[in-house]
């Protein structure tokens, strides 16, 4: 998944509008002095209260989803239009529109992060209790840990195994997403895109990654020669990215199979060549 860079006026000649709040009517107050604007606006801190909600290109339910906001993640709100809020995801600084119904003022700071593909929130500390909602991998919750459950500050209980520390290895985390349907803008095992998979796999190990594949290629790790690639390396293609399980096997969320799976790297390259792509592999990066 990739985006575009826009040219703006001001001392900084280009700003990536996926990462910076700059519109015709206002700009982020943090950019005052760098970007000319009629008004400068400071963000209002909000937090996602839905299990997952799309971040869209426009304040319209029919607009393209460019990313996702997960339960407990923060959102910097800059503008409101009807039922929609415009702003930036706090974790990866990705701009877009989110339904206001999925946002609320932040309360208790998150204490745990969901590490299961899907974590039921029970009405009581009992696996037979009714399920209030289900939270995806990566969701953040605030609560107090007991013997078997975390009692959430806002009500409900999550089993401690579902918020246990994830495996530190990015490949082990990525395998949690095996079989996840391909979803443009998705970031969870319920639906994920190529760069969302890489971001989630690295993030679980404490490595912050940008949202889109071109941003990741520019920011992550160190360049590695294609001939020197190995397991764990990240391979970049035009508009696509995946993780190597070994030197010749790519694990990726892709729109060809519409799922997340492992396949021979040679097959991925062959498809791109057949589609007329002159440079199928743009680079290999090694993180850590």
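Points to keep in mind about this one:
- Condition met for residue 141 (closer than 29 Å to residue 250 by Cα and in contact (Cβ under 8 Å) with a residue 60 or more places away in the chain): no
- All conditions in (1) touching a strand residue (DSSP E or B) at 6+ places or on another chain (Cβ under 9 Å); (2) surrounded by fewer than 15 Cβ atoms within 10 Å (Cβ to Cβ) hold for residue 247, with the sole exception of (1).
- Hits in region 137-159 - residues which are surrounded by fewer than 23 Cβ atoms within 10 Å (Cβ to Cβ) and either assigned by TED's automatic domain parsing to the domain that holds residue 52 or within 15 Å of the chain's Cα centre (by Cα) (or both): 140
- Residue match in region 151-165 (condition: in contact with a helix residue (DSSP H, G or I) (Cβ under 9 Å, 6 or more places away or on another chain) and farther than 25 Å from residue 28 by Cβ): no
- Against the test of being under 22 Å from the mean Cα position of the chain (by Cα) and without any contact (Cβ under 8 Å) to a residue 12 or more places away in the chain, the options 58, 45, 99, 62 yield a single qualifying residue, 62.
- Among the residues of region 202-213, those that are in a helix (DSSP H, G or I) and over 10 Å from the mean Cα position of the chain (by Cα) comprise 202, 213.
- For region 123-136, the tally of residues that are loosely packed, with under 15 Cβ neighbours inside 10 Å and within 26 Å of residue 251 (Cα to Cα) stands at 0.
- When region 33-56 is filtered for residues that are crowded, with 16+ Cβ neighbours inside 10 Å and either out of contact with any helix residue (DSSP H, G or I) (no Cβ under 7 Å at 6 or more places or on another chain) or at pLDDT below 95 (or both), the ones remaining, listed by number, are 34, 35, 37, 43, 46, 47, 51, 52, 54, 55, 56.
- Subset of region 3-25 [at pLDDT 50 or above, in a loop (DSSP other than H, G, I, E, B) and within 21 Å of residue 92 (Cα to Cα)]: 16, 17, 18, 19, 20, 21, 23
- Here the condition is being at pLDDT 95 or above and surrounded by 24 or more Cβ atoms within 10 Å (Cβ to Cβ); of 192, 224, it holds for 192 alone.
- Restricting attention to region 67-93, the residues that are closer than 15 Å to residue 209 by Cα and assigned to a loop (DSSP other than H, G, I, E, B) add up to 4.
The values are calculated or read from the model by the stated rules, or taken from the named source; none is laboratory data. Nothing here was measured: the structure is a model prediction, and the numbers come from that model. Because the Cβ atoms are built from the backbone with ideal geometry, glycine has one as well, and the counts that use them run over all protein chains shown.
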